[in-house]
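Here the structure comes first, spelled out in structure tokens, and everything after it is commentary.
No value in this document is a laboratory result; all are computed from the given coordinates. Because the structure is predicted, anything quoted here is derived from the model rather than measured. Glycine gets a Cβ as well: all are built from the backbone with ideal geometry, and neighbour counts include every protein chain shown.
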Amino acid sequence: MPRDDRDLIAASLTGDSASFGELVRRYQDRLFNSVLRVCDTAEDAADVVQEAFLHAYQALASFKGDSQFFTWIYRIAFNTAITLKRKQKSAMRLNAGELGTFEPADPSDAADPGHAMQSAEDERKVHEALQRLSPEHRAVLVLKDMDDMKYEEMAEVLQVPIGTIRSRLHRARLELKEILEKAS
Amino acid sequence: MLADRHLELLTAFVDGVLTGRDREKAHRLLHESAESRDFVRKLQENAARIKALPRRKLRPEFTAKVIAALPKATQTAPVEPLVKPSFAWGKAIVAACVMLAVGVAAFLAIPRPQPVDPDNPYLLAKNPHPQENELPRDPIVPIDVPVPVVPRKTPAVVPQVVEGIFAKFLEPLESDYAERFAFADLTKEDPARSRLAAELKKEDAYHLNITAKNNGRTLERLRAVFDMNNIPLTIDPQAQANAAKGKTFVVYLENVKQDDVASILRELGRDDNQGKTSVKSVFESVLMTSFSSTDRAHLCKLLGIDAKQLERPATPAAKQGSAAVAIPPSGSASAEVRKYLESRPAHQPGTLRLMIEVHPH
């Protein structure tokens with residue numbers, strides 16, 4: 001039976017790094033996929049995820065379980081990612097070369113190169129459009145559409161009121177629509 | 001061009017967070033406006049495209065790298081001096097003197113705080129864990145982690161969403177405080193009947209949203225049922241055209257008794273006897289909500305009258321009884337509607353008023 005997050009946290013606090021490793025394994029990919037769409041590149045996203053886990057480990061004693069561990073680690077990761085994006089804003093690094101790191105993920109693509117190209121093209125368009133949004137707008141879209149989070153959970157992750165989530169999502173959706181329409 | 005408030009309503013609709021009246025408003029807007037449907041469709045498509053973005057996995061070594069970095073994470077990084085030592089010493093001495101002076105002054109001038117009572121529950125409850133969930137703000141440590149691509153079947157979400165969107169807002173409406181009835185249940189001895197009777201006693205005006213299959217005869221059938229209950233129905237030509245084409249139309253009915261409303265709804269659920277043939281009822285379900293101030297304002301706009309005139313006709317007809325008018329959802333000032341407004345009877349206390357929206361599909 002898989003161990004509960006609380007058990008793993010308790011064990012981690014006693015110095016059992018293997019338990020913390022289990023927490024990392026449990027959430028790293030989900031976190032990475034979300035952060036990937038907030039960051040420009042997969043390398044940045046991996047850095048952010050690693051940094052988030054290290055921060056979480058340092059602050060683990062202060063985690064009292066009022067929120068879920070997953071929400072907490074998301075909060076740290078998104079905060080780190082948004083901070084990173086702000087720092088990088090002056091030097092936009094988005095180009096076709098970096099998007100090349102995103103290979104088609106669908107196995108059927110191998111049998112259907114046409115479909116693979118179309119998927120990769122669509123991913124590139126959506127990713128580019130997301131990159132043109134502010135980090136805050138990007139974050140709400142990713143949390144809502146990729147992670148299926150509720151407004152309440154998003155408010156907890158991003159540490160803003162629910163009303164702000166709603167208005168950010170509204171503006172983000174309008175902006176994304178406009179960008180994608182222009183792109184097509 | 002959709003108004004900002006409509007755009008906000010529709011984005012919230014896409015997020016699936018609307019309930020009650022707002023959800024109903026969104027449905028109404030989607031029924032009435034092709035532009036709103038197009039807007040929602042695009043937002044749904046974009047959301048689906050984000051959802052369909054391929055998922056990837058970090059390499060298994062990633063976990064080991066994090067674990068290996070853990071001891072370092074607990075170490076405190078050395079703090080670099082911000083100024084040269086020679087300047088730092090001089091400034092530090094000055095700063096220490098200033099702080100000492102301020103500290104002595106504060107000690108003498110500021111009253112001592114009372115000792116904290118460790119058993120004071122208020123103080124404990126106020127901030128039990130001051131360090132809890134604080135976000136670390138250290139800079140990012142760069143690492144070199146190659147990210148492999150992990151195959152994943154990309155779901156074909158977009159077409160499903162596009163296909164499903166129209167069916168979605170033609171579904172029977174749901175509301176936190178509304179009552180919904182299936183017409184089929186009202187035609188037989190069913191608990192729905194007594195529930196309807198109880199519901200009709202709660203308010204003096206209701207907003208009914210009726211969904212019906214489109215056979216071009218919804219308005220005709222409604223008029224036949226009204227006739228059976230001696231309710232004259234004035235029909236605006238545009239509303240008739242809408243009904244014939246399977247589009248939404250609105251009926252305002254006033255001075256109708258509770259029993260008559262129950263009878264009308266029951267009758268609408270029965271088979272439609274067209275001469276020798278009998279056709280199964282096209283009316284599917286009715287969502288009943290109270291007649292809100294928004295509904296009132298909307299109805300006034302459709303009829304081109306103000307709220308006072310809605311409550312009390314300027315020149316009420318001498319005759320008593322119920323009266324109804326069918327209008328398009330965009331409103332009308334046609335000769336038929338004007339004639340109806342001029343011949344409206346005065347409001348009879350104890351009777352009901354209904355704003356009925358019929359949505360054929």
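By the scheme Lys and Arg +1, Asp and Glu -1, what is the net charge of all other residues having a beta-carbon under 14 Å from that of A:Ser19?
Within the 14 Å Cβ shell, the charges total -1.
Need the full-extension length gain, A:Glu121 to A:Leu60, defined as separation in residues times 0.36 nm minus the C-alpha distance. One decimal, nm.
So the chain would gain 17.8 nm between A:Glu121 and A:Leu60.
Return the average number of partner chain Cβ atoms within 10 angstrom of each residue Cβ along peptide B:14-25.
Mean number of neighbouring Cβ atoms from other chains: 2.
State which entries of A:Lys177/B:Lys25; A:Lys87/B:Lys57; A:Lys150/B:Lys188; B:Lys51/B:Lys280; A:Lys64/B:Lys42; A:Lys125/B:Lys301 exceed 32 angstrom in Cα-Cα distance in the structure shown.
Check vs 32 Å cut-off fails for A:Lys150/B:Lys188; B:Lys51/B:Lys280; A:Lys64/B:Lys42; A:Lys125/B:Lys301.
Averaged over peptide B:55-64, how many Cβ atoms belonging to another chain are found within 10 Å of each residue's Cβ?
On the way: counts 8, 10, 6, 12, 1, 2, 0, 9, 10, 2.
Across the residues of B:55-64, the mean count of other-chain Cβ atoms within 10 Å is 6.
Stretch B:Asn215-B:Ser263 to full length: gain in nm at 0.36 nm per residue minus the Cα-Cα span?
Values: separation 48, 0.36 × 48 = 17.28 nm, distance 2.26 nm.
Here the answer is 15.0 nm.
Mind checking the mean number of beta-carbon atoms from other chains within 10 Å of the Cβ atoms in A:64-73?
2
Using the Cα gyration tensor of the range B:321-360, with a ≥ b ≥ c the square roots of its eigenvalues, what is the shape: rounded (a/c below 1.5), prolate (a/b larger than b/c) or oblate (neither)?
Oblate, because a/c is 1.5 or more while a/b does not exceed b/c.
For B:Thr234, which sequence-distant residues (separation of 5 or more, or a different chain) have an amide H within less than 5 Å of its own amide H, given hydrogens modelled in the peptide plane?
Placed amide hydrogens put B:Ala324, B:Val325, B:Ala326 under 5 Å from B:Thr234.
What's the FRET efficiency of B:Ala34 with B:Arg59 using the Cβ-Cβ distance as r and R₀ = 35 Å, to the nearest 0.05? Walk me through the intermediate numbers first.
On the way: r = 49 Å, r/R0 = 1.41.
Efficiency computed from Cβ-Cβ geometry: 0.10.
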